[in-house]
1. I'd like the carbon and sulfur percentage of the solvent accessible area for segment 119-213, probe radius 1.4 Å, heavy atoms only, ligands and nucleic acids excluded.
2. Summing Lys, Arg as +1 and Asp, Glu as -1, what charge do residues with Cβ under 10 Å from the Cβ of Asp378 carry, Asp378 excluded?
3. Run through segment 222-299 and list the chymotrypsin sites (Phe, Trp or Tyr not before Pro) located in a DSSP loop whose Cβ has at most 15 other Cβ atoms within 10 Å.
4. Rounding to the nearest 10 and keeping the result within 0 to 90°, find how far the Cα-based axis of helix 171-181 lies from the longest principal axis of the chain.
5. Just to confirm, what accessible area per residue do you get for the chain at 1.4 Å probe, in whole Å²?
6. Tally Lys/Arg at +1 and Asp/Glu at -1 over every other residue whose Cβ is under 11 Å from the Cβ of Thr196; what's the total?
7. In nm, to one decimal, how far is the Met246 label point from the Asp365 one, both placed 7 Å along Cα→Cβ?
8. Between Arg394 and Asp18, what length in nm is gained on full extension when 0.36 nm per residue of separation is reduced by their alpha carbon distance?
Amino acid sequence: MAFDQKQFDDIIREFTVDSDALHTIAADFRYDLRMGLKDPDQSSLRMLKSYVGLPTGEEKGEYLALDFGGTNVRVLRIRLDGHGKFEVLKKVAKPLRVEGIYDYVGEGSTAEQMFDFIAELVDEAVEGDHETKYLLGHTFSFPSEQTDLYNAKLIIWTKEFATAGVEGKVVNDLLKEALHRQGIDNVEPTAVINDTVAVLLAAAYKQPDTFIGSIYATGHNTCYLEPYADTADEPMILNLESGGFMKLVPNRYDVAFDEKSEKPGEQRLEKMVSGRYMGELFGMALADLLGESGKAYGFTSIDMSNIVLDEEDDDAGIRKIVAGRTGHELDKETCEQVRKLVSTLIVRSARLVTASYVGIIWQLDGEAKPRKQHIAIDGSVYEKMPLAKENIMRALYELLGEEAANVDTVLENGGSGLGAAIAAAMSQN
Ligand code: GLC
């Protein structure tokens with residue numbers, strides 16, 4: 001039996017961003033950008049200074065890169081050869097949480113435990129060499145207040161992290177202390193950047209005309225090169241923390257989910273678009289349709305991808321995923337509705353993200369004619385979620401008209417590591 005049609009239509013409507021709403025959101029985003037440049041307190045965008053501009057392409061040498069932005073932490077040894085060329089010499093990666101074994105991201109864990117674990121990874125990356133000097137670039141993908149390229153204080157955890165004793169601290173000091181405890185004094189952390197900044201640095205190292213960098217993954221955030229960030233100084237990349245953009249109308253699922261999240265009232269845009277949350281929103285809506293309101297089934301964005309991609313005649317894939325999570329067997333008609341619900345959520349996500357990109361383009365270039373440019377994006381949702389890319393393009397055309405031909409999006413895969421190495425190289429200037 002299919003879901004109640006009226007109830008289903010209502011839910012679809014609530015997750016739909018029509019053309020008018022899309023324009024309004026892009027304009028509001030631009031407004032918050034403009035206000036934020038004058039006074040961040042007047043804006044829902046944090047507009048955090050990165051103390052770095054774009055690379056020249058001449059950056060060369062061997063560096064360490066620490067990529068810390070989700071539950072999987074990576075340390076890389078990278079040789080930069082200039083003009084987009086580089087080689088990863090060594091890469092080690094470990095999760096910060098293994099169910100039932102250890103957990104460095106939950107409330108019960110401390111900063112020392114977390115950074116000791118990371119220092120051990122650094123040791124693996126240098127293969128126990130405590131002699132050779134290395135500069136380390138640190139991609140730390142959480143909102144941080146910077147006073148220079150080294151000094152970044154975590155303002156507030158996002159993405160459901162809750163480790164004690166890190167908020168309000170200079171993260172590279174915590175890292176340095178942990179390295180010191182393990183006798184790794186030859187590794188010197190010199191730069192901290194957000195992952196969006198890393199993506200932009202990595203993309204700009206390879207091709208000019210890239211001014212916007214974005215992550216569209218577990219979390220969502222965007223940065224851009226602001227020509228006038230600091231009075232009369234060089235152009236500087238600003239990390240918008242756009243996941244915190246608030247001028248959006250949340251629907252009842254967004255509201256209910258926010259209430260039970262680690263940080264209620266924060267990260268409205270991110271909670272509506274990113275991979276970490278989309279599966280949960282889908283599950284909440286499905287629970288209503290299945291008459292089990294309030295149940296959390298634990299759907300992930302990977303489930304959502306698989307639902308859209310299921311091409312089996314009898315929707316066997318969809319049935320299996322839904323039965324596995326909810327225990328309900330669906331008929332053909334209901335599978336169609338499930339597919340539609342999932343697509344609607346993905347399309348909403350892509351449209352909201354695009355509205356924020358266009359807000360930046362309008363701010364930089366005015367509404368007449370955007371410059372020719374690439375928007376560099378990294379992240380699993382952009383890379384792998386069906387419907388995401390095509391709906392970004394569609395929304396770009398909807399907002400920019402024919403001028404959208406000047407703008408394309410490029411995948412900057414693994415930009416977090418490369419960007420950190422580039423930042424370490426730039427820290428010597
Ligand atoms: C969260 C963080 C932000 C990061 C993004 C993507 O929004 O607050 O700093 O860039 O996730 O990882």
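The values are calculated or read from the model by the stated rules, or taken from the named source; none is laboratory data. Predicted model only: the values in this text are computed from it and were never measured. Positions of Cβ are generated from backbone atoms using ideal geometry, with glycine treated the same way; all protein chains shown enter the neighbour counts. Heavy atoms of the whole protein, side chains included, go into the accessibility calculation; ligands, DNA and RNA do not. Shrake-Rupley method; radii C 1.70, N 1.55, O 1.52, S 1.80 Å.
1. The C+S portion of the solvent-accessible surface of segment 119-213 is 47 percent.
2. Surrounding charge for Asp378 is -3.
3. Answer by residue number: Tyr228.
4. 60 degrees
5. On the way: 17570 Å² over 429 residues.
On a per-residue basis, 41 Å².
6. With Lys, Arg at +1 and Asp, Glu at -1, the net is -4.
7. In this crude label model, Met246 to Asp365 measures out at 3.1 nm.
8. So the extension gain works out to 134.1 nm.
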